[in-house]
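The values are calculated or read from the model by the stated rules, or taken from the named source; none is laboratory data. Everything quoted here is computed from the prediction, not taken from an experiment. Positions of Cβ are backbone-derived with ideal geometry, glycine not excepted, and every protein chain shown enters the neighbour counts.
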Amino acid sequence: MTISLETSRLIIRSTKKADADFCIDIWLDEKMGKYLSDPPREKAGDIYINWKESVEVYDGCYYFVAVLKETKSHVATCSLVPNDSGVWDLGYCVHQDYWRQGYATEVVKELIKFCTIKGGNRVTASVAKENIASNALLIKLGFNIEKEDEFRKSGTEIFFDKYIYSFELFSK
């Protein structure tokens, strides 16, 4: 299953094996992956090697990369996980070279459109409370805090308080 979405500056497409190293590098990076549940690079195990081999197989999660239309340079990773009740869980991580340039906004808006077209009724996103930029983005786009919780960074004893945001869709 290959999906390709477009914004004015980006192509958001299904992740391919050739993109896997970019994805893993961004997720396991100390700075870019700080607020993700992925482990630090030194604690990452076989799950990432196995994921690289199966990334093109749909397993209930839509994995995407966002690339610049003009240069095809990688900008971000993002994912959507639908459930049977029409709720889609959203995740995204923008490469630090592209922070504060509106790319996260573009990605999230386009993924919301995708969820709507697919018949979703709500999008959720979990964000560490300390992640000021991501919290501001979701609030700007109309997400509301649904509840508070915490998560542990995999392979560590690092815990983050988090907000779970919700965005109601008006599906067709």
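The table for this structure:
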item: Contacts under 6 angstrom Cβ, first residue in region 1-14 being over 13 Å from A104 (Cα atoms) and touching a residue at least 60 places away in the same chain (Cβ under 8 Å), partner of a type in the set (S, T, Y) and part of a strand (DSSP E or B), 6 or more apart; result: I3/S14
item: Unmet criterion (only one of (1) at negative phi; (2) at pLDDT below 95) for G60; result: (1)
item: Lone qualifier among K153, K162, K113, K118 - being surrounded by fewer than 14 Cβ atoms within 10 Å (Cβ to Cβ) and among the basic types (K, R); result: K113
item: Identity of the residue in region 59-92, among the charged types (D, E, K, R) and in contact with a strand residue (DSSP E or B) (Cβ under 9 Å, 6 or more places away or on another chain), that ends up surrounded by the most Cβ atoms within 10 Å (Cβ to Cβ); result: D89
item: Check on V123, assigned to a strand (DSSP E or B), closer than 14 Å to K34 by Cα and touching a helix residue (DSSP H, G or I) at 6+ places or on another chain (Cβ under 6 Å); result: no
item: Residue ID - nearest to H74 (Cα to Cα), chosen from residues in region 1-39 that are small (G, A, S), surrounded by fewer than 19 Cβ atoms within 10 Å (Cβ to Cβ) and within 14 Å of the chain's Cα centre (by Cα); result: S14
item: Every pair of residues 6+ apart whose Cβ atoms lie under 8 Å, when the first sits in region 25-51 and is more than 27 Å from Y163 (Cβ to Cβ) while the second is among the small types (G, A, S); result: G45/G155
item: Any hit, region 122-135, residues being in contact with a Pro (Cβ under 9 Å, 6 or more places away or on another chain) and on the phi < 0 side of the Ramachandran plot; result: no
item: Of all residues making up region 95-131, the number that are under 25 Å from I158 (Cβ atoms) and in contact (Cβ under 8 Å) with a residue 40 or more places away in the chain; result: 8
